[in-house]
Amino acid sequence: MSLLDVREYGNPILRGKCLPVEKVNDAVRVLIDDMAETMYKCKAIGISASQVGVKERVVIVGAGEKLIALVNPEIHSCGAAAKEIAPEGCLSIPDIQVDVGRAVKIVVEGLSRKGEPVKLTLEGLEARAIQHEIDHLNGILIIDYLSFVKRQLIKKQLARIARLCKAEQSTRIDSR
Ligand SMILES: [Zn+2]
């Protein structure tokens, strides 16, 4: 297993849409294991493939007792579910927290690490984390939930993160 570089705000991959995984093969399993290791190392409770530079629909959540790894995750129902607003942080946008309203309870479907179909009913922090990570697969970030006025307030902070990210990109030799 190896640690992966976490891409930060300003990196265009975070704004792109990830593509469905066609087959859960060994390469996908290695990606899942590396993402999990990276997430634990960063003391995060979730991570998406786009955050480690891979444009595939894979998410990991470690907010409960068990590690959840889902390939091609789809939120199946959260229709009438109650929403709750709570602060969220993001590995890709350091030092910024945003209040985000999320469904309290969801049903999510996808493929397991073995490539088998799974259907999970999740609540609370696990449900919140999955919704956050699936947003990443669609190029959506927590700052998109900010009102115009609040976004103006953190504009400088965001510009600083994006500048650091650009400087890093230009000095890094990176194959992905
Ligand atoms: Zn995030």
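Of the residues Met35, Ile143, Gly110, the one whose Cα sits farthest towards the positive end of the charge dipole of the chain is Ile143 (charges of +1 on Lys and Arg Cβ, -1 on Asp and Glu Cβ, taken about the Cα centre). The listed peptides 128-138, 28-38, ordered by packing as a protection proxy, come out as 128-138, 28-38 (highest mean of other Cβ atoms within 10 Å first). Placing +1 on the Cβ of every Lys and Arg and -1 on the Cβ of every Asp and Glu, with nothing else charged, gives the chain a dipole about its Cα centre of roughly 580 debye.
The lysines whose alpha-carbon is closer than 30 Å to the alpha-carbon of Lys119, local same-chain residues fewer than 8 away aside, are Lys17, Lys23, Lys41, Lys43, Lys55, Lys66, Lys83, Lys105.
Each Cα pair under 8 Å and six or more residues apart adds its sequence gap; the mean of these over the residue count of the chain is a relative contact order of 26 percent.
Positive contributions from Lys and Arg (+1) and negative ones from Asp and Glu (-1), summed over other residues with Cβ under 14 Å from the Cβ of Ile75, come out at 0.
Around Pro87, what is the net charge, scoring Lys/Arg as +1 and Asp/Glu as -1 over all other residues with Cβ under 12 Å from its Cβ? Residues near Pro87 contribute -1 overall.
Taking amide H atoms as placed 1.01 Å from N in the peptide plane, the amide H of Ala63 lies under 5 Å from those of Ile68, each 5 or more residues away in sequence or on another chain. Each residue of the range 19-28 was assigned a 3J(HN,Hα) from its phi angle through the Karplus expression (A = 6.51, B = -1.76, C = 1.60, θ = phi - 60°), giving 9, x, 7, 7, 9, 7, 10, 4, 4, 5 Hz with x at Gly and Pro.
Coupling constants for the range 149-158 follow from the phi torsions by the Karplus curve (6.51 cos²θ - 1.76 cosθ + 1.60, θ = phi - 60°), and in residue order they are 5, 5, 5, 4, 5, 9, 3, 5, 4, 5 Hz; glycine and proline get x. Have a look at the DSSP beta bridges in the chain and tell me what percent are antiparallel, nearest 5. In the chain, DSSP labels about 95 percent of beta bridges as antiparallel.
Normalised per residue, the accessible area of the range 104-162 is 54 Å², obtained with a 1.4 Å probe and no contribution from ligands, DNA or RNA. Backbone phi angles across the range 104-113, fed through the Karplus curve with coefficients 6.51, -1.76 and 1.60 (θ = phi - 60°), yield HN-Hα couplings of 6, 10, 9, 10, 10, 10, x, 10, 7, 4 Hz in residue order; Gly and Pro are listed as x.
Only beta bridges with both residues in the range 1-86 are counted; by DSSP, about 90 percent of them are antiparallel. Residues whose amide H lies under 5 Å from that of His76, counting only those 5 or more places away or on a different chain, are Val107, Val108, Glu109; hydrogens are built 1.01 Å from N in the peptide plane. The distance from the alpha carbon centre of the range 105-176 to that of the range 9-65 is 10 Å, rounded to a whole number.
Can you send over the carbon and sulfur percentage of the accessible area for the chain, probe radius 1.4 Å, protein chains only? Reported share for carbon and sulfur atoms: 53 percent.
The values are calculated or read from the model by the stated rules, or taken from the named source; none is laboratory data. A quick note: this is a predicted structure, and the numbers were derived from the prediction, not measured. So basically every Cβ, Gly included, is an ideal-geometry build from the backbone, and we count neighbours across all protein chains shown. Quick note on the areas: whole protein, heavy atoms, side chains included, nothing else; ligands and nucleic acids left out. Shrake-Rupley method; radii C 1.70, N 1.55, O 1.52, S 1.80 Å.
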